[in-house]
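Heads up: the structure comes next, in structure tokens.
The values are calculated or read from the model by the stated rules, or taken from the named source; none is laboratory data. Because the structure is predicted, anything quoted here is derived from the model rather than measured. A quick note on method: Cβ atoms are made from the backbone with ideal geometry, for glycine too, and the neighbour counts reach across all protein chains shown. What goes into the accessible areas is simple: the full protein's heavy atoms, side chains included, and nothing from ligands, DNA or RNA. Shrake-Rupley method; radii C 1.70, N 1.55, O 1.52, S 1.80 Å.
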Amino acid sequence: ISWPPLSAVLEMLTDEGRRPLFQRALVATLQETAQGYLWGTTAGLALAALAHLVPPLRRGSDRLAAVLNSVPSIALGPIFLVLLSRDSTPAAVSSIHVFFIVFVSMGSGLQRATPAHRDLFAVLGADRLKRFWRLELPAALPALASGLRLAWPAALIGAIIGEWFGASRGIGILIINAMQNFQIVLLWCAVLLAVGASL
């Protein structure tokens, strides 16, 4: 009963009558995911750059990122629901997922410049900011690109979880409604939509 035939799932997914429902849910979730992705990326990049440029902040910023990452998303939802609006909660939960990945990838990428290159910049009289913009940031770009690629599925998962706290529409709402009404085929349609959006 809990594993419907794939043909039944695809039939419901391609049903003309249900297409507007799926489109509204997908568009809402993608908008929330994009917003959370942008917020999380900005915060992760800013904190990683600040911790790199001001070394005394590094240990505290690492701990802050680790603490934020260790809090389960399901526990963050009610907090954001109180602090923010109901419509902003999915993007906020999504941004926490993205923040940690971007922070770690950027922080590790900024350490990739070789000691020989750092010494060369020091000999040429480059200050900390010039070294950051012309050596360390370009050296961090491959790690940052990998982090940004890995952050999108995490952002999508965060947005779907965030929708469980009262969003008006989205894939998370479809999942909750399908589970509560025991509509297994609809549940698997929502799962396929989430997988497609993640890919």
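In the range 179-199, which residue that is among the small types (Gly, Ala, Ser) and either farther than 18 Å from Gly36 by Cβ or outside any helix (DSSP H, G or I) (or both) is most open to solvent (accessible area, probe 1.4 Å)?
Gly196
Does Ser85 qualify as being hydroxyl-bearing (Ser, Thr, Tyr), outside any helix (DSSP H, G or I) and open to solvent by 50 Å² or more (accessible area, probe 1.4 Å)?
Yes: the conditions hold for Ser85.
Please go through the range 125-153 and pick out each residue that is aliphatic (A, V, I, L, M), open to solvent by less than 60 Å² (accessible area, probe 1.4 Å) and within 30 Å of Ala194 (Cα to Cα).
Listed by number, the residues that qualify are Ala143, Leu144, Ala145, Leu148, Ala151.
In this structure, is Ala34 among the small types (Gly, Ala, Ser), within 19 Å of Ile157 (Cβ to Cβ) and exposed (fewer than 14 other Cβ atoms within 10 Å of the Cβ)?
no
For the range 39-57, which positions are touching a residue at least 12 places away in the same chain (Cβ under 8 Å) and either open to solvent by 40 Å² or more (accessible area, probe 1.4 Å) or farther than 24 Å from Ala197 by Cβ (or both)?
Residues satisfying the conditions are Trp39, Ala43, Leu45, Leu47, Ala48, Ala49, Ala51, His52, Leu53.
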